[in-house]
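Rule-based calculations on the coordinates, nothing more; no lab input. These figures come from a predicted structure and were not determined experimentally. Cβ sites come from the backbone with ideal geometry, for glycine too, and all protein chains shown count toward neighbours.
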Amino acid sequence: MRKFVLLMIFIVLCFSLQAEVLDKIIAKVGREVILQSDLIKRMQQLEAAGMLNQEISEFDILNDMIESKLIVQQAKKEDYDVDENQIRDLAEQQIQQVSSQFDTEAEFKKELRGANLTVLELKEYYIEMMTEQRLREQIISNEIKNKIHVTEAEVEDYYNETINEIPPRPEMIELGMIMRTIEASKETRKAALLEIQS
């Protein structure tokens, strides 16, 4: 009986202990995964960089992370590359610009600690962000812009087709002024001075 009671207590304790989820996969992009901790870290990085506002939701940030991973994967597949030294220099400049907004270096580092970041982590974030941006620009330029050719005739045709949908533009009047400062002559000054003195 005693063993049975101890066994029951042990079973109840086992079930009452809840496993704590340390991290979980929130998205899978190709063979790469995005973890909950990655999303939290990105939010902290955006906050430390002063780029996080209340209009940006976790969903928006996650979508941006997914899009970035897709672009990087496509860029790797297409053998695009960026100048790593230039990116590193730009990241350094960005850190200097952000730190210059604080009175002292200590205040800057304190703010980073408040966001659970170090200067090195912020620099890595900037490098990653700028690399993705450059790759994105290259892909958009080569894969999209270079393949789109719109002639002037097509623009005119589109304009003529949608002219009724374009809201009327109110009449506008442009007003300009020319100002010229006129100084009094010596005689006028003397006459005014004599009048004041008398």
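The set of residues in the stretch 40-63 being among the aliphatic types (A, V, I, L, M), surrounded by 12 or more Cβ atoms within 10 Å (Cβ to Cβ) and either outside any helix (DSSP H, G or I) or within 15 Å of the chain's Cα centre (by Cα) (or both) consists of Met43, Leu46, Ala48, Ala49, Leu52, Ile56, Ile61, Leu62. Only one entry of Ile182, Ile173, Ile139 meets the criterion of being β-branched (Val, Ile, Thr) and either under 30 Å from Ile87 (Cβ atoms) or assigned to a helix (DSSP H, G or I) (or both), and that entry is Ile139. Could you grab me the full set of residues in the stretch 74-132 that are surrounded by 15 or more Cβ atoms within 10 Å (Cβ to Cβ), under 24 Å from Asp64 (Cα atoms) and among the polar types (S, T, N, Q)? Answer for the stretch 74-132, where residues must be surrounded by 15 or more Cβ atoms within 10 Å (Cβ to Cβ), under 24 Å from Asp64 (Cα atoms) and among the polar types (S, T, N, Q): Gln74, Gln94, Thr131.
Quick one: is Ile66 assigned to a helix (DSSP H, G or I), exposed (fewer than 15 other Cβ atoms within 10 Å of the Cβ) and either among the β-branched types (Val, Ile, Thr) or on the phi < 0 side of the Ramachandran plot (or both)? No; evaluated as a whole, the condition is false for this residue.
Of everything in the stretch 102-123, what is free of Cβ contacts under 8 Å to residues at least 60 places away in the same chain, closer than 16 Å to Glu47 by Cα, in contact with a helix residue (DSSP H, G or I) (Cβ under 8 Å, 6 or more places away or on another chain) and of a type outside the set (Lys, Arg)? Give them in sequence order.
Phe102, Phe108, Thr118, Val119
Among the conditions (1) free of Cβ contacts under 8 Å to residues at least 60 places away in the same chain; (2) aliphatic (A, V, I, L, M); (3) not in a helix (DSSP H, G or I), Met130 misses just one, which is (3).
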